[in-house]
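Engineer: Take this structure, written in structure tokens, and hold onto it; I'll ask about it next.
The values are calculated or read from the model by the stated rules, or taken from the named source; none is laboratory data. What you are looking at is a predicted structure, and each value in this text was computed from that prediction instead of being measured. Methodologically, a virtual Cβ is constructed for each residue, glycine included, from the backbone with ideal geometry; neighbour enumeration extends over all protein chains shown.
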Amino acid sequence: MQISYQDWSDFLLKVGAICSPAELHGLLCGLHCKGANSDWIAEARAFMDLLENSNETDAALEAQYEVIGAALSDGQYHLQLLLPDDILPVAIRAEGLALWCQGFLHGFASGDPELHARLDEETREAVRDLAEIARLDDSCEDTDESEQDLMELVEYARMTLFSIVSQLKPQFAGIANPSETRH
């Protein structure tokens with residue numbers, strides 16, 4: 001079960017982390033995509049810029065990392081990006097998506113430079129699109145059109161994540177290539 005955005009926000013504030021829940025979730029997803037790394041938790045702690053490490057923080061990170069891994073490998077596409085709640089203004093949620101993409105790119109890019117080359121051209125283009133989404137500003141107005149645009153960008157980022165996983169982690173056999181259904 002994925003922890004709520006607000007619960008993660010409260011936890012990160014408590015431990016003195018400087019990142020948002022969206023950024024951290026993106027980072028953990030990116031770390032999963034780059035593959036097995038015994039030092040992923042140190043990378044996550046460094047990203048959070050914690051003054052001190054604690055067993056509580058490590059346990060929370062490990063639990064979230066396992067939840068993400070299970071959701072990415074179950075072939076069901078149930079993993080949702082950890083973003084601010086839908087009741088908040090579009091601008092705040094757009095900022096959350098931008099932060100998720102920044103965290104994801106940080107986690108994914110810190111891996112083997114060959115990872116990007118192993119992706120098909122369409123997915124490499126989608127990764128470049130995530131870099132553009134990471135630059136979203138928070139000047140969105142609360143309109144039906146902005147709401148729809150944001151929902152499409154969130155789904156695009158989510159399906160890009162699954163496309164990357166399907167190409168880089170073939171042991172997750174239950175995942176079909178979602179790029180085949182991307183519009």
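Engineer: Is one or more of the residues making up segment 143-153 within 22 Å of residue 31 (Cβ to Cβ), out of contact with any Leu (no Cβ under 8 Å at 6 or more places or on another chain), assigned to a helix (DSSP H, G or I) and of a type in the set (A, V, I, L, M)?
Structural biologist: no
Engineer: Count, please, the residues in segment 103-141 that happen to be loosely packed, with under 11 Cβ neighbours inside 10 Å and not in a helix (DSSP H, G or I).
Structural biologist: Going through segment 103-141 one residue at a time, the tally reaches 5.
Engineer: Picking from 145, 152, which residue would you name as being exposed (fewer than 14 other Cβ atoms within 10 Å of the Cβ), modelled with pLDDT of 95 or more and of a type outside the set (Phe, Trp, Tyr)? Spell out how you get there, then give the answer.
Structural biologist: Numbers: 145 fails: modelled with pLDDT of 95 or more.
Unique residue meeting the criteria: 152.
Engineer: What residue, among those in segment 17-29 that are assigned to a helix (DSSP H, G or I) and of a type in the set (Gly, Ala, Ser), is surrounded by the fewest Cβ atoms within 10 Å (Cβ to Cβ)?
Structural biologist: Step one: of segment 17-29, the residues assigned to a helix (DSSP H, G or I) are 21-29.
Narrowing further to those that are of a type in the set (Gly, Ala, Ser): 22, 26.
Details: 22: 26, 26: 33.
Restricting to residues being assigned to a helix (DSSP H, G or I) and of a type in the set (Gly, Ala, Ser), the top hit is 22.
Engineer: Among (1) of a type outside the set (D, E, K, R); (2) modelled with pLDDT of 90 or more; (3) over 15 Å from the mean Cα position of the chain (by Cα), there is one condition residue 177 misses while meeting the rest; what is its number?
Structural biologist: Result: residue 177 passes all but (2).
Yes/no per residue for (1) assigned to a helix (DSSP H, G or I); (2) more than 17 Å from the chain's Cα centre (by Cα); (3) modelled with pLDDT of 90 or more; (4) surrounded by fewer than 20 Cβ atoms within 10 Å (Cβ to Cβ):
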{"position": "31", "(1), (2), (3), (4)": "yes, no, yes, no"}
{"position": "38", "(1), (2), (3), (4)": "no, yes, no, yes"}
{"position": "41", "(1), (2), (3), (4)": "yes, no, yes, yes"}
{"position": "47", "(1), (2), (3), (4)": "yes, no, yes, no"}
{"position": "53", "(1), (2), (3), (4)": "no, yes, no, yes"}
{"position": "65", "(1), (2), (3), (4)": "yes, no, yes, yes"}
{"position": "80", "(1), (2), (3), (4)": "no, no, yes, yes"}
{"position": "83", "(1), (2), (3), (4)": "no, no, yes, no"}
{"position": "92", "(1), (2), (3), (4)": "yes, no, yes, yes"}
